[in-house]
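The values are calculated or read from the model by the stated rules, or taken from the named source; none is laboratory data. Not measured: the values here are computed from a predicted model. Methodologically, a virtual Cβ is constructed for each residue, glycine included, from the backbone with ideal geometry; neighbour enumeration extends over all protein chains shown. Accessible surface areas use protein heavy atoms only, side chains included; no ligands, DNA or RNA. Shrake-Rupley method; radii C 1.70, N 1.55, O 1.52, S 1.80 Å.
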Amino acid sequence: MRKISVLTIGLLFSLLLFSTCKKDPGEGTVELIFEHEVNGQDLVLNEFLYTCEAGYEFSVIRLKYYISNFVLTRDDGTEYRLDKVHYRELGVDATRTLEMPDVPAGTYTSLSFIYGLDQETNVPGGLENTTTNINMEWPMPPGYHYMKFEGKYKIPGTGEVKAYNTHTGPTGGNQNFIQISLPLHGLEIDDNSWDITLVMDLNEWYQNPNTYDFEFFGPMIMENQNAQAALKANGADVFSVESMEVMELSIIC
Amino acid sequence: MAFVRCNEEEIPPGPVYDPTPLALDYPDNFPILDIPSDNPTTVEGVLLGRMLYYDPILHRDSAQACATCHLQALSFSSPGNIIPHINLGWSTAFLWNGKVQGSLEKIMTFESEEFFQTKLSRLERHPDYPGYFFKAFGSEDISYEHIGKALAQFERTLISGSSKYDLYLRPDLPVFLSDEEFLGFDIFFTEKGDCFHCHGGILFTDNLFHNNGLDATPGDGLFEITADPEDIGRYKTPTLRNIELTAPYMHDSRYQTLEEVIDFYSEGLHQSPTVDPLMKNAHQGGIHLTAQEKGYLIAFLKTLTDTVYVNKPELSSPFF
């Protein structure tokens, strides 16, 4: 008995050693952190603190969205891919970060991803059958909302309050997802771990290049391709890289 | 309530603890059902939960059983503001104002301990219950925790997924919606009626809390629990499954018929600071359907009636 225990412990020990050293030398981890702001201001929910280019004061009440198909591109053109769908919901901390594991060593010059879901994923059953995903259901063509961005705005002058529901997704044969690409400066992966903080400026959905007018498009835009196209064009620059930080050097065995 | 002898004979209380795992059967298009690892579903646990649900012994003075108000024939509700029990396994916040949040075990423990104020000693002294608790949990110890767990196991079997609409969704069955029902489906699941943003998905509820514009000065709702002014007037979105069977409607039972409910969504919405943005047409009083369209919507809602569920023998009283 005794002998066996000693043997087992020895075996466990070497397994432990082996697993810490198993990682290929030079690999690193990138953690993406998703934050939000409006017009460069901090995001405060439920208050009419922001004004969009079309001239309405607006509040933000809820925000939920998918981003997917993450790619890091190295200076030599080679790519690291993470075929994952990330769901982000304001106020739900577990959705704040996404880990990109085992990124090979090198200098990376861009991060790209799809805002929304690609055509293959955006079908019934394309995502895991969870309550969260089912709550993102998009009826026509059947699939999922890319984003639900909801709040209220005020009519200038009268102060009348109305709701806006910036719900994006495919319609009328247009996929409407957005290919986002962000340049990176100085992402050197080499046995280290990086935090990259991305910020979505919510007001960018409503400007540049199109002045998005809540009254003009009205409360129902899911099947309005003009509204979807305007949002798609505006959405290209909603994300920016706010900061990149090296977090720790992993132990080299 | 006296036990019927056949039950005692089927599972005689005895010293062997060997619960039989029970796999819950639900349609593929339902979300994955999370079952807590410390309360796996077993034949013995479900039977005990079912007995407790139908037995007034659970009540502090045996005045009523859960099933006195939660009647199977009415989707486990009865006239009044009683929330039906249907697909609650997927719910994580309970009661109209969200007073109990978390697992089904938690709400069931609450129902026994706080609502019914179960006298544990009466179950302990009962000739048979200690044996049934042993069979289910390996201990004759009768606690609110074990009562909650048994009730939760039974509740998880209250799965409704065989309405006409469910059968229509199955490609292998020749079940179709009528023209009227289909037009109603279209109103429900598009921005025309825009019911699906809250009552959507296969469960016909998002299991969240919203102010759907019932009043210009809404009731407290979730605010009562959270004290967050944004939660004023937010109530749990009820499932619309079996809605035909669960009149009257809303948390204060203000509407007697589905017609009244649809009139409300069509013309009767009220603005208030916390009215949900998803009530997209609150600023103009509602979605303004024609009489014909209202009829279509109601015809569709009636396709959510599951008569198999309300007659399923496994969900009925185990006592007769």
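For the range B:243-271, how many residues meet the condition of being in a helix (DSSP H, G or I) and open to solvent by 40 Å² or more (accessible area, probe 1.4 Å)? Count: 7.
When the range B:298-307 is filtered for residues that are among the hydrophobic types (A, V, I, L, M, F, W, C) and either within 13 Å of chain A (Cβ to nearest Cβ) or not in a helix (DSSP H, G or I) (or both), only B:L304 remains. A single entry from A:T121, A:T158 fulfils the requirement of being out of contact with any Phe, Trp or Tyr (no Cβ under 7 Å at 6 or more places or on another chain), within 14 Å of another protein chain (Cβ to nearest Cβ) and hydroxyl-bearing (S, T, Y): A:T158.
Every residue, every condition in (1) in a loop (DSSP other than H, G, I, E, B); (2) within 14 Å of chain A (Cβ to nearest Cβ); (3) hydrophobic (A, V, I, L, M, F, W, C), yes or no:
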| position | (1), (2), (3) |
| --- | --- |
| B:L240 | yes, no, yes |
| B:L278 | yes, yes, yes |
| B:Y296 | no, no, no |
| B:E314 | no, no, no |
| B:F320 | yes, no, yes |
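If you check B:N87, B:N81, B:N97 for being under 26 Å from B:P27 (Cβ atoms) and not hydrophobic (A, V, I, L, M, F, W, C), only one passes: B:N87.
No other residue among B:L173, B:L123, B:L183 is more than 14 Å from chain A (Cβ to nearest Cβ), farther than 30 Å from B:T20 by Cα and open to solvent by less than 60 Å² (accessible area, probe 1.4 Å) apart from B:L173. When A:D195, A:D213, A:D201 are checked against the criterion of being farther than 30 Å from A:S110 by Cβ and of a type in the set (D, E), A:D213 stands alone in meeting it.
If you take the residues of the range B:206-215 that are within 13 Å of another protein chain (Cβ to nearest Cβ) and under 18 Å from B:P277 (Cβ atoms), which of them is surrounded by the fewest Cβ atoms within 10 Å (Cβ to Cβ)? Out of the qualifying residues, it is B:L208. When the residues of the range B:280-294 are filtered to those that are polar (S, T, N, Q) and outside any helix (DSSP H, G or I), which remaining residue is farthest from B:L269 (Cα to Cα)? Within the range B:280-294, the match that is farthest from B:L269 (Cα to Cα) is B:T290. Within the range A:124-148, the residues that satisfy the criterion of being within 30 Å of A:V44 (Cβ to Cβ) and at the interface with chain B (Cβ under 10 Å from one of its Cβ atoms) are A:T130, A:T131, A:T132, A:N133, A:I134, A:N135, A:M136, A:E137, A:W138, A:H145, A:K148. Name the single residue, out of those in the range A:26-53 being open to solvent by 30 Å² or more (accessible area, probe 1.4 Å) and on the phi > 0 side of the Ramachandran plot, that is farthest from the other protein chains (Cβ to nearest Cβ). Checked the range A:26-53; the qualifying residue farthest from the other protein chains (Cβ to nearest Cβ) is A:G40.
The range A:87-188 holds strands (runs of 3 or more DSSP E) entirely within its bounds, and those carrying 3 or more residues that are touching a strand residue (DSSP E or B) at 6+ places or on another chain (Cβ under 6 Å) and within 24 Å of A:E242 (Cα to Cα) map to A:97-103, A:106-115, A:147-154.
Inside the range A:203-223, residues that are away from chain B (no Cβ under 14 Å) and either crowded, with 16+ Cβ neighbours inside 10 Å or assigned to a loop (DSSP other than H, G, I, E, B) (or both) make up a count of 11.
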